[in-house]
Structure formats: C-alpha cells, structure tokens
Amino acid sequence: SPSRVLPVEITAADVPEGMSQEEFFRARRPELLEQLTAGGAIWLRGFDLMKTKEGFASFYEQLELEPCQDPLASVGARAVVDKKSAMYEAVNKPSRAKFFVGMHAESTYKRTNRLGAFVCFKQAETGGEFLLLDGHKMLKDLDPAVLRRLYDKGVRF
C-alpha cells in the first residue's frame, strides 16, 4: 500500500514504565512476529538489552527465534562470536574492506531460518550503514519491461 512505511521502528522509550525490556519483547512477541512477516524488518533502537551478546541472546529467546548456522559458514567469511547462540561477526576481512554488498536476501528459506536478527555491538569507525530495501515496493516501481527481462532470464536475489 502507498502508506506502507518500512521498517517499523521501536525504541526503548516504547517500553512501559516498570516493565523490563525482556518482558516487553516476550509480551509483544505475537505482534512483533506479525510485523516482521508483513514488513520484513523492524528497527529496534536504544535497547540496553542488546548491548551485550548475552542480552542479545536473551532478546532472541524472548521472541522464540531459533539460532541457525551462518549460510556463509562453508567459506569462513565471518568470525563466530557465540556458536551456541549462532552469533557471527559481519564480514570483516581486509580483502573485503572496499567490497559493497548489494541487494540480497538474507533468508534463502533453504539454508537459514525464516527470521533473523542483526545487532551492532561496536559502531564502525567509518561507514557501517545497514541498508534495507522494501522488495515489494521495488517490484511495483520497476518498469514492466525490465521486470519481464529479469523473469525471462531467471534472475533471482
């Protein structure tokens, strides 16, 4: 819909007074999962809970998300932060320092879980932006002739 604004943004200020952040995520689990399914992403900002790997794992548990293997594990592109919680670093290899990761889908529906979460424990010294694309809107905005060529050539991402 034209009024669709993605991603939905939720901040620590949205947590009712007297409620812990863990309780907040547990209580809003059905609503948050529905929003993720509908929109594909939610920005969570300013939550102290996610400032440590233990807190991030707890957040993940409150939503009852299942840790999954990194789809890049076979090529060793990312360092493991916490294997039990399936936490991995971004691809930080020096050989990739000037490499731009273009549009892609994190969820292949074959090698990963349907839903995942990303966290930043340490802000990048430069850059570090995390870009999101509304794929539904992109498809609606594409010239139909271009879209037809993509389909005809079997282009997928």
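Laboratory data are not the source of any read-out in this text; all were calculated from the coordinates shown. Given the structure is predicted, the values throughout are model-derived calculations rather than measurements. We place every Cβ from the backbone using ideal geometry, glycine too, and count neighbours over all the protein chains shown.
Shown is the FRET efficiency for Cys120 and Glu66, computed with R0 = 25 Å from the Cβ-Cβ distance and rounded to the nearest 0.05: 0.70. Distance between the pseudo-spin-label points of Val155 and Trp43 (7 Å out from Cα toward the beta carbon): 2.8 nm. As a calculated quantity, the FRET efficiency between Thr52 and Leu131 at R0 = 41 Å, using C-beta atoms, amounts to about 0.95.
Highest-first packing order for the peptide set 15-25, 134-144, 56-66, 118-128 is 56-66, 15-25, 134-144, 118-128, based on the mean count of other beta carbon atoms within 10 Å.
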